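The structure appears right after this line, and notes come after that.
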Protein chains: 2
Amino acid sequence: MEVYNIGIVGVGTVGSGVYKQLKRKASILKKKTGISIHIKAVCDKDTKAVRKAGVLKRECVPSYRDMIKDPEINCIVELIGGTSIAKNIILEAFKKGKDVVTANKALLAEEGSDVFKAARKLNRQIFFEASVGGGIPIIKGLTESLVSNRIIRILSIINGTCNYILTRMTHDGMSFEKALAIAKAKGYAEANPSLDIDGIDAAHKITILAELAFRKKINFKEVSCEGISGIKEWDISFADQLGYVVKLLAIAKEGSEGIEVRVQPTLLPKDHILANVNDSYNAVYLMCDEVENMLFYGRGAGAKPTASAVISDIIDLARNSLGFRQKLYLPSLKAAHTKSISSILSRHYLRFSVIDRPGVLAKISSILGRYSISISDVIQKERKIGQVVPLVLLTHETYEKHIQQAVRQIDKLSVIKRHSRVIRIEE
Amino acid sequence: MEVYNIGIVGVGTVGSGVYKQLKRKASILKKKTGISIHIKAVCDKDTKAVRKAGVLKRECVPSYRDMIKDPEINCIVELIGGTSIAKNIILEAFKKGKDVVTANKALLAEEGSDVFKAARKLNRQIFFEASVGGGIPIIKGLTESLVSNRIIRILSIINGTCNYILTRMTHDGMSFEKALAIAKAKGYAEANPSLDIDGIDAAHKITILAELAFRKKINFKEVSCEGISGIKEWDISFADQLGYVVKLLAIAKEGSEGIEVRVQPTLLPKDHILANVNDSYNAVYLMCDEVENMLFYGRGAGAKPTASAVISDIIDLARNSLGFRQKLYLPSLKAAHTKSISSILSRHYLRFSVIDRPGVLAKISSILGRYSISISDVIQKERKIGQVVPLVLLTHETYEKHIQQAVRQIDKLSVIKRHSRVIRIEE
C-alpha cells in the first residue's frame, strides 16, 4: 500500500468536512485506489475549530509553515479562503516541492495567473475542483471530458444562496428580505451576505470557468456583476405571467468580438432546463461544438459535497504523483447478490381494459384486496355501457410479486378484454 | 511533441465520427495536451464505409490483425460493436501490449468480466466513456469525481430512441407506432429497433453503471428488462392527468437485500428533474452519500458527442501512458479581449414605477423609440389613477448601451417615481 501524506490548512466548514470524510472513507478509498491518504498535519489559527473538527493531537501543528517544511508531506490542502495568506501558503508550498489542492475561488479568479505561473515555473500542480460548483465535477468535465470541444457558451447557476432566495421568492411569493432572513437562518447565507447576493462569489466562479473554457486570461475586474437585492416580488410575478423565471445567471460566451463574462439576474423561459434548478442547487449548462448541450447539476455548496470534490482532487494528485496509470475500476469484482424483481416495493399504475358494466370495479378491487393492494387513485372515463373502456388505478406501495399475482387473476375475469398494463411509479 | 499512435477498428457512425473529429481538432488537441494523436491505421470490412469516412490510403489496413501486430501502435480503438469479434480484437490487442478504447456496451455488459480479467492479467488498460450516455462523462464522474461516495441509487434515461418516442407521444399525442416511424425517419431508430425499444440497450448500459457504482459483478441475464412497445396513448394521457410523465428508466439500487438493476417504463412526477429530460437527450441521476443528488445531462448518442467521449479516453490513455502528470489547464493564458457589456445584444425586461396617468406609456415609448428599442410585451395592471404602479415592458433584441441610455432619460421623467429595473432575458 502506497502512502500519500497531506497537510490540511483550515478546518472551517469545508476543511473539517474534508478531514471527517477522509477518516470516514479511509478504508474504501484504500480499496478503490490502492493508496492510503494520510493526514499528517492540520492547522487553523482558530483552535476552537480544530477541536470541533475532532483533529487528533498528533496531527495538530501550530502553523502552516510547520507543514510546508515537513519533507514527508506531499500535498497542502488549502482551505482557509481569502486571497493574501492563502496565496503565500500556496506559493511557499510550491517552493518546497509540494502540490496543492484548494477550493479558493477568490484567489484563483483574482490572482490565478500568479499562482499558475509559479506552479509552471516550479513544475508543481494545483487542483481546484471544489472551487466551482461544490460537489459537481465541472472542472474535470471542462478540462478532461470535453477536451476535444470548443466551448461556445456557459450559462450557470453557481451561487446556492441566491438561487435559494430566488426560489423562495418564486415558489412562496416571499420578499427578498424575508427569503434572505430564512437563508441566513438555514445557514445558506453568511451574516454578511454581500459576497453572495451582490454576485461576487458567482463572478469569481464564472471567471475560473471562462478561463478554462476559452483558455484565455480573464481580468476579474472587467467581469460585469449585478446581484439580486434589487429584485422585487413584482419582477418575479410579472416574469411568471410572461412565461419566465428570474435566476441569477453567471454567463460566459466567446464570440467574434471577444469574450463576454457577466453575472446578472436573468429572465429564463420556464421550459429552459436551468429554469428548473431550484433551492440551493447549482447547475452549469454548456454549449459545445461537438457534444452540443450538456448540463452538470448538483449541490454547489455544503461540507460533504465540497469535501467530496476536494478528495477527488487529492486522489487524482496522489495517483498522478505515485505514477498510478490504471483507471479506478479494474479491481476484480465479486458477483452481486441481485434482488429479485418480485421483491421490489413500489407504487404502481394499473390500466385494465374492461367491459363497462356495473360491478366491474368491485370485482377488480376485491382481487386486489386479497393481495393487500390498496388503491390511491382511480380514473374511469365517460361511460359507454357494454363497450371496452380503460380503467386506471394507482396503488399505494406494494410488492411487485403481489401485483403480478393479482393482475394474473384479474386478467382471467370475463370483463377483462385485453392484457392489463402495469407501470411502476418512481417518486 | 510526443506522438501517440492509434488504430481505429470500425468506421461506422461512431468510428467515422472519431476519425473526422481527431483530424478536425488535431491542432487544438496538440496545443491543449502536448501530445500528437496519430491515426496510424484504420480498418473496416465495409470498404464503402472506409471511403465514405475519407480515410487516407496510407492509413488503411486490410484487417485488425495488421494493426495489432504493428509495434508502433499504442492503442486500439474498437468501434465495431457486438460481442464476438470485438472481444477477440480486444483480447489480442492486450496480448500484444496495446491498450484499448471502446464504446461497446453489449460486450462490457455481457462479457466485461472476461475483458477486465485479461486487462488486469496483462497489465493493460481499457477505457470506455462512450459506452454509456454518449458524450456525457458519466464513467469518469462515477469512478473519479465521486470516488469518496457510496452510490445509493441511479435513475437514468440512457436510451435516446425510447426517450424520443415517449417525448413525441407525450408532447404531440402520437401513437407509439407513429412516433417510432418518425424516429426511424430521423435516424434515431434502426431499421430493426428491437435493441432500443425492448430496453436491451438501456439494460447493457445500466449494467455497466451498476458495476462501477456498486463495485460488484452484475449478471446481465438477471437484469429485469421491459421495453416501451406496450405503452399506449391512453397510458400517457392518464399519467398526465395524475401528474406524471412516462419515461423509460434504467434503475440501479443497492439495499440491504441486494442489488436491484432494471429497465422499465416508469411514471415520474412532473416536477422530477428527469421528467423534463426530453427528445433524444440522456440523463443520469445519482443519489450519493456525500454529494447527495447529482445529474449529468446531454446528448446520449450521435457521431460527434460519442466521438468526443472516445477522444477524451484516447487523450487520458495517451497522457497516462506517456507519463504526463500535469492537468490540462496549466499552459500560460493570453489575456482575453473582453467584450464591453454595453455592446451585448439581448432582449430585456424593463420595470418602471410610474404615476398612473394618461400619456405615461406614450412618453416612455417615445424615448425608447428614439433609441430604436422596440417592445414585444406590455403589462400594465389594474389602474389606480394618480398612484404609483408598476409598468412592465419586454423588448426585442437591443444593445445594452441603448437600454442604459434610454432608461437614464426615462428615469428623469416626472412620472417616474423610483429607479427603473432592467433585467436581461436569455432565451
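Rule-based calculations on the coordinates, nothing more; no lab input. Please read these numbers as outputs of a predicted model, since none were measured by experiment. FYI the Cβ positions are ideal-geometry reconstructions off the backbone, even for glycines, and counts take in every protein chain you see.
Whole-Å semi-axes of the range A:341-425's equivalent ellipsoid, largest first, each the root of 5 times a Cα gyration tensor eigenvalue?
Largest first, the range A:341-425 gives 22, 12, 11 Å.
How much length is gained if the chain between residue A:122 and residue A:2 is pulled fully straight, taking 0.36 nm per residue apart and subtracting their Cα-Cα distance, in nm to one decimal? Could you put the intermediate results ahead of the total?
Working: separation 120, 0.36 × 120 = 43.20 nm, distance 2.46 nm.
Gain in length upon complete extension: 40.7 nm.
Return a whole-number percent for the relative contact order of the range A:341-425, with Cα pairs under 8 Å and 6 or more residues apart as the contact set.
Over the range A:341-425, the number comes to 50 percent.
Enumerate the whole-percent occupancy of each 10 Å bin, from 0 to the last occupied one, for all C-alpha pair distances of chain B.
All Cα pairs, binned at 10 Å, distribute as 4, 18, 21, 19, 16, 12, 6, 3, 0 percent.
Give the nm distances, rounded to one decimal, from residue A:323 to the matching residue in every other copy, measuring between label points 7 Å along Cα toward the beta carbon; shortest first.
Counterpart label points of residue A:323 in the remaining copies fall at 0.7 nm.
For B:413, A:345, B:29, what's the fewest-to-most ordering of other Cβ within 10 Å of each Cβ?
Values: B:413 16, A:345 9, B:29 21.
Final ranking by Cβ density, sparse to dense: A:345, B:413, B:29.
Which residues in the range A:1-31 have a backbone N closer than 13 Å to a point placed 7 Å from the Cα of residue A:46 along the Cα-to-Cβ line?
A:10-17
Give, rounded to the nearest 20 debye, the magnitude of the charge dipole that the range B:341-425 has about its Cα centre when Lys and Arg contribute +1 at Cβ and Asp and Glu contribute -1 at Cβ. Mind showing how you got there, number by number?
Working: 15 positive and 6 negative charges, 58 e Å.
Magnitude of the dipole: close to 280 debye.
Using alpha carbons only, how many degrees (0 to 90, rounded to 10) separate the axis of helix B:160-172 from the longest principal axis of chain B?
With both axes taken from Cα atoms, the answer is about 30 degrees.
Compute the distance in nm between two label points, each set 7 Å from the Cα along the Cα-to-Cβ direction, one at residue A:190 and one at residue B:417.
Taking the two extended label points, one gets 3.7 nm.
Rounded to the nearest 20 debye, what is the charge dipole size of the range B:226-371 about its Cα centre when +1 sits on each Lys and Arg Cβ and -1 on each Asp and Glu Cβ?
Roughly 1380 debye for the range B:226-371.
About the Cα centre, and with charges only on the beta carbon of Lys, Arg (+1) and Asp, Glu (-1), how big is the dipole of the protein assembly as shown? Nearest 20 debye, please.
The calculation lands at about 1100 debye.
For a quick check: sort B:50, B:3 by the number of other beta carbons within 10 angstrom, fewest at the front. Intermediate results must be reported in sequence, preceding the final value.
Values: B:50 20, B:3 13.
In increasing order of surrounding Cβ atoms, one gets B:3, B:50.
Could you state, as a whole-number percent, how many of the C-alpha pairs of the protein assembly as shown are farther apart than 52 Å?
Beyond 52 Å sits 20 percent of the P(r) for the protein assembly as shown.
To the nearest 10 degrees, how steeply does helix B:176-185 sit against the main Cα axis of chain B, on a 0 to 90 scale?
80 degrees
Per residue of chain A, what 222 nm ellipticity follows from adding -39500 (n - 2.57) for every DSSP H run with n ≥ 4, rounded to the nearest 500?
Calculated from helices alone, the mean residue ellipticity at 222 nm is -11000 deg cm²/dmol.
Please turn the phi angles of the range A:191-207 into ³J(HN,Hα) values with the Karplus equation 6.51 cos²θ - 1.76 cosθ + 1.60 (θ = phi - 60°), one per residue in order, whole Hz, x for glycine and proline.
4, 9, x, 4, 4, 7, 6, 8, x, 5, 4, 5, 5, 4, 5, 5, 4
By count of other Cβ within 10 Å, fewest leading, how are A:146, A:274 ordered?
Details: A:146 25, A:274 21.
Ranking A:146, A:274 by Cβ neighbours within 10 Å, fewest first, gives A:274, A:146.
Per residue, how big is the convex hull of the range A:285-427 when only Cα atoms are used? Give it in Å³.
Value for the range A:285-427: 245 Å³ per residue.
Find which of B:268, B:365, B:176 sits farthest along the positive direction of the dipole of chain B, computed with +1 on the beta-carbon of Lys and Arg, -1 on that of Asp and Glu, about the Cα centre.
B:365
Can you compute log10 of I(q)/I(0) for the range A:138-300 with the Debye formula, treating each Cα as one identical point scatterer, at q = 0.10, 0.11, 0.19 Å⁻¹?
Listed by q, the Debye log ratios stand at -0.35, -0.43, -1.18.
What do you get for Rg/Rh of the range A:57-209 when both radii come from the Cα atoms and Rh is the Kirkwood radius?
1.05
Just tell me which aspartates and glutamates come within less than 12 Å, Cα to Cα, of residue A:270; anything on the same chain fewer than 8 places away is out.
A:240, B:426, B:427
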